[in-house]
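The values are calculated or read from the model by the stated rules, or taken from the named source; none is laboratory data. The structure displayed is predicted, hence computed values, not measured ones. Heads up, the Cβs are rebuilt from the backbone with ideal geometry, glycines too, and the neighbour counts pull from every protein chain shown. To get the accessible areas, we keep the full protein, side chains included, count just its heavy atoms, and leave off ligands, DNA and RNA. Shrake-Rupley method; radii C 1.70, N 1.55, O 1.52, S 1.80 Å.
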Amino acid sequence: MIDRPGCVAVIGAGPHGLSALKALLQVGIPADGFDRADDLGGNWNFGGPTSRVYESTHLISSKPFTQFPDFPMPDSYPDYPSHRQVKAYFDAYAAHFGLRERITFNTSVVRVEAVDQRWDVTIERDGRQQTLRYDGVVVANGHNWFPKMPTYPGLDDFGGEILHSADYKGADQLRDRRVLVVGAGNTGCDIAVEAAQNATATYHSTRRGYYYNPKFVFGKPSDQIADQLLAMRIPLPLRRAAFGATLRTTMGKFEKFGLQKPDHAFFETHPIVNQQLVYYVGHGDITPKPDVDHFDADGAVFSDGSRADVDLVVFATGYLAVFPFLTDPDALDAAGGRPRLALQMASPKYPTLWLSGLIQPDSGQWTIAHWQGMAIAAFLRLQRDDPAAAARLHGHINAHRQQRFTGGAHYKESTRHFYEIAHQDYLQALQDFLGEVAA
Amino acid sequence: MAAPGGQNDLRRATLRDYVHDVLQVITTLPQPPVVIAHSLGTLVAQRLLQRYPARAGVLMTPIPAGGIPGTVVQGMRRKPVDFTKAVLGATLRFSADDLFSDLPPEVARGYVSRIGRESPWAQYAMLRPERLGPLLCPVLVVGAEDDRLVAAADVERCARALGTQPLWVPGGHDVMLDGSWPDVLDTILDWVDATCPPGPPLSGARELPPLEVTVE
Ligand SMILES: Cc1cc2nc3c(=O)[nH]c(=O)nc-3n(C[C@H](O)[C@H](O)[C@H](O)COP(=O)(O)OP(=O)(O)OC[C@H]3O[C@@H](n4cnc5c(N)ncnc54)[C@H](O)[C@@H]3O)c2cc1C
């Protein structure tokens, strides 16, 4: 066993792991990073074991709300950079702050166990294991990579190919085939559009109607317009009305295209930003379909009784958060698969166990990753310097751990919205917390 | 000079645009630099350093974020017309006399002729007090003994707000160009050497060497 006194282990070298590592080192806490991949970037390390971007992926959120506030993306980047530009950006960030030297690659964390107020972290490489002892653990293993696979009657009889979007890497996989895409997250919509451009027929099955938001309105990235309204403190109902009116005047009613009418108000589901989907529906290149009822040998039968014969089904049905290495089932209070953590970060049981990245913001993520890292680092420094004060603060935030950060909206109940946050509310909560740590 | 922050018009550039431009340069560097700023630039640096963990910051003849009452009173007394115009949005005009105490006049005039225009919004920012969070790195505040623009009391105020004491060096407002600039430079470099230990940029990384795993 190797003892790492005073040191914190950071699991994962995606954007959340990188920013946590940086924040810890910045406040004077030594930290070691681990990643099972051979390179950093996590989801954005195209081709890496847990990367879920595809050849054409560009950011869904625009640059200023997505970047790390202390390391903005280059001015030469477009409003919505490509995944390659994003990877280069993370490389530059890690190099600039000397993070790469602190990360052990090609190494999985397989076991994290509390022992005498400290942590035994077991790592594995090439089938061999080693245990290290740490003062704290930050879990930043990402929640956008473990496929959530749905079950349907008759799926086993289906004679074509079945793919989860986790294994979708590019349009070649769709070319000249009849394709059914299931799911209307941003990934599902992207794949439906690429199918429209490359497949011989495209069906898109969605559980409900959604708002398909444009990437640009009034010549600006639409999330920037949304934040201008927020900055002006326009209340939620008015913001809803403004967005509804903009969508209606630019795109019209989605029902007119044969899409389902949204069954919910704006901001109640994770925003879909896709300007092309409606376009291809309007050109007949995508046929919208309701829920799949069952499969048979040739294809799918939908809840309205219609059917589609296809060669390939792509399940863009989302991802699940998994923490297989945590030995204590109470560490996260995760009944029903959903951890209930103060600030969506703090273990209710151990003040030295923190999660970064268990969020799905209605905006870009790495600005929040930065502040999550800063909050965790500030707390762990307090824990080191004044454990009694840290214990009081930990107790205090735990008392409020049912709190969610919805910006006033009621999210639709589904695993997709377990971690949904309204960025403005959440950033305010982090700022308040940082104030409490400093007090 | 291109207008800051991608603005086409210098008159529209704000202090935020200046901070943006400095960060754009910083992010191309292999590691966090020591940020050395002068006069109005120190306001840019203070905003920057509460957000970005530089190795260290040096603020020469600084503008405190809390406003510059001493400087305004002194300026209105010395050059009422120019200061009034500046308040109305004109670039503050400098004479060699304002900036230098120890240079041959033709050299001083040469420097003055190369001074560009300033954004009125950035100038206003000096007058508008703002509260800053703590800076994320060690800072050195440098005052110039013969500064005729920034009042000594404002230099003191700036240092106090940052929890430090000013270091006074010989020279006029433009200490980095005035006759004694080599001494000023040495003073700053000595401080930087004493303040920035060798090794990785972030302090936590200097506490414990990186992990070397041999999985057997
Ligand atoms: C197609 C797509 C588009 C997206 N677009 C945007 C966007 O526009 N804007 C935005 O903000 N977000 C976007 N996201 C969300 C994206 O998930 C986040 O941006 C971000 O990558 C999450 O960072 P993370 O560090 O939490 O996780 P990840 O990037 O997934 O990184 C987790 C890392 O942990 C490592 N790891 C996991 N388990 C272990 C273990 N046991 N041992 C060692 N290492 C481990 C993995 O190898 C991985 O490198 C998008 C996601 C997808 C899939």
Residue-by-residue Karplus 3J(HN,Hα) for the stretch B:166-183, coefficients 6.51, -1.76, 1.60, Hz, glycine and proline x
x, 9, 9, 10, x, x, x, 3, 8, 4, 7, 10, 5, x, 8, 4, x, 5
Please work out whether the stretch B:32-136 counts as rounded, prolate or oblate from its C-alpha gyration tensor, where a ≥ b ≥ c are the square roots of the eigenvalues and a/c under 1.5 means rounded, while otherwise a/b larger than b/c means prolate and anything else oblate?
oblate
Given the rule -39500 (n - 2.57) for each run of at least 4 DSSP H residues, summed and divided by the residues of chain A, what is its mean residue ellipticity at 222 nm, to the nearest 500 deg cm²/dmol?
-9000 deg cm²/dmol
Give me the distance in nm between label points sitting 7 Å out from Cα along the Cα-to-Cβ direction at A:D386 and A:S56, one decimal.
5.5 nm
Which of the aspartates and glutamates could a cross-linker span from A:K87 if the Cα-Cα distance has to be under 14 Å and same-chain partners fewer than 8 positions apart are dropped?
A:D38, A:D39, A:E55
Express in nm, to one decimal, how much length is gained between A:D75 and A:H410 on full extension, taking 0.36 nm for each residue of separation and deducting their alpha carbon distance.
116.9 nm
Expected integer from the mean partner chain Cβ neighbour count at 10 Å over B:23-34 is 4
Alpha carbons only, please: Rg and Dmax for chain B, in angstrom.
18.9, 78
Compute the whole-percent fraction of alpha carbon pairs in the stretch A:174-215 spaced more than 13 Å apart.
49 percent
Measure off 7 Å from each Cα along the Cα-to-Cβ vector at A:D330 and B:D186, then give the distance between these two points in nanometres to one decimal.
6.6 nm
Expected max-MSF residue from A:T287, A:T327, A:T202 in the GNM of chain A (alpha carbon, under 10 Å) is A:T327
How high is the FRET efficiency between B:A194 and A:Q431 when r is their beta carbon distance and R₀ equals 41 Å, given to the nearest 0.05?
0.75
For the stretch A:215-264, rounded, prolate or oblate, judged on the Cα gyration tensor with a ≥ b ≥ c (square roots of eigenvalues), a/c < 1.5 rounded, else prolate if a/b > b/c?
oblate
Contour excess over end-to-end distance, with Cα ends at B:R93 and B:A153 and 0.36 nm allotted per residue
19.4 nm
For helix A:222-231, report the angle its Cα long axis makes with the longest principal axis of the Cα atoms of chain A; keep it between 0 and 90° and round to the nearest 10°.
60 degrees
Give the shape of the stretch A:245-341 as rounded, prolate or oblate, defined through the alpha-carbon gyration tensor: a ≥ b ≥ c are the square roots of its eigenvalues, a/c under 1.5 means rounded, and otherwise the shape is prolate if a/b is larger than b/c and oblate if not.
oblate
How big is the dipole moment of the stretch B:75-216 about its Cα centre under a simple scheme where the beta carbon of each Lys and Arg is +1, that of each Asp and Glu is -1, and everything else is neutral? Debye, nearest 20, please.
1020 debye
If you count only protein heavy atoms with a 1.4 Å probe, what accessible area per residue comes out for the protein assembly as shown, rounded to a whole Å²?
43 Å²
Once the dipole of the protein assembly as shown is set up from charges on Cβ (+1 Lys and Arg, -1 Asp and Glu), the residue from the list B:Y18, A:T202, A:V313 lying farthest towards its positive end is B:Y18
Springs between alpha-carbon pairs under 10 angstrom, Gaussian network model over chain A: which of A:V292, A:V109, A:V313 fluctuates most?
A:V292
Taking springs between alpha-carbon atoms closer than 10 angstrom, which of A:A241, A:A346, A:A37 fluctuates most in the Gaussian network model of chain A?
A:A241
Taking the Cα centre as origin and putting +1 on Lys and Arg beta-carbons and -1 on Asp and Glu beta-carbons, what dipole magnitude results for the protein assembly as shown, to the nearest 20 debye?
1840 debye
Let's test the formula: R0 of 56 Å, r as the Cβ-Cβ distance of B:W168 and B:L208. What FRET efficiency results, to the nearest 0.05?
0.90
Using alpha-carbon coordinates, inclination of helix A:387-399 to the longest axis of chain A, degrees:
30 degrees
Taking the alpha-carbon set of the protein assembly as shown, what are its Rg and Dmax in Å?
28.3, 93
To the nearest 100 Å², how much accessible surface do chains B and A cover up together, summed over both, with a 1.4 Å probe?
2500 Å²
Residues from the stretch B:189-216 losing no less than 20 square angstrom of accessible surface in the full protein assembly compared with the chain alone, 1.4 angstrom probe, ligands and nucleic acids excluded, are B:P201, B:L202, B:S203, B:G204, B:A205, B:E207, B:L208, B:P210, B:L211, B:V213, B:V215, B:E216
In this structure, among A:K220/A:K256; A:K169/A:K215; A:K22/A:K220; A:K148/A:K215; A:K169/A:K289; A:K148/A:K256, pairs with alpha-carbon gaps over 29 Å are A:K22/A:K220; A:K148/A:K256
Given a 1.4 angstrom probe, I'd like the percentage of the accessible area of the stretch A:211-298 that is carbon and sulfur, rounded to a whole number.
57 percent
How large is ³J(HN,Hα) for each residue in the stretch B:56-73, as worked out from phi by the Karplus curve 6.51 cos²θ - 1.76 cosθ + 1.60 (θ = phi - 60°), to whole Hz, x for Gly and Pro?
6, x, 10, 10, 9, 5, x, 9, x, 5, x, x, 10, x, x, 5, 5, 4
Between A:Q129 and A:M232, how many nm apart are label points set 7 Å from Cα along the C-beta direction?
5.9 nm
Kindly write out, for the stretch A:237-249 in residue order, the coupling ³J(HN,Hα) from the Karplus curve 6.51 cos²θ - 1.76 cosθ + 1.60 (θ = phi - 60°), rounded to whole Hz, with x marking Gly and Pro.
x, 6, 5, 4, 4, 5, 5, x, 5, 5, 5, 5, 6
Once you average over the residues of A:90-97, how many Cβ atoms of partner chains fall within 10 Å of each Cβ?
3
Please give the helix A:186-198 orientation as an angle from the longest Cα principal axis of chain A, in degrees from 0 to 90, rounded to the nearest 10.
40 degrees
Using the alpha-carbon centroid of each, what span in Å lies between the stretch A:144-178 and the stretch A:345-392?
36 Å
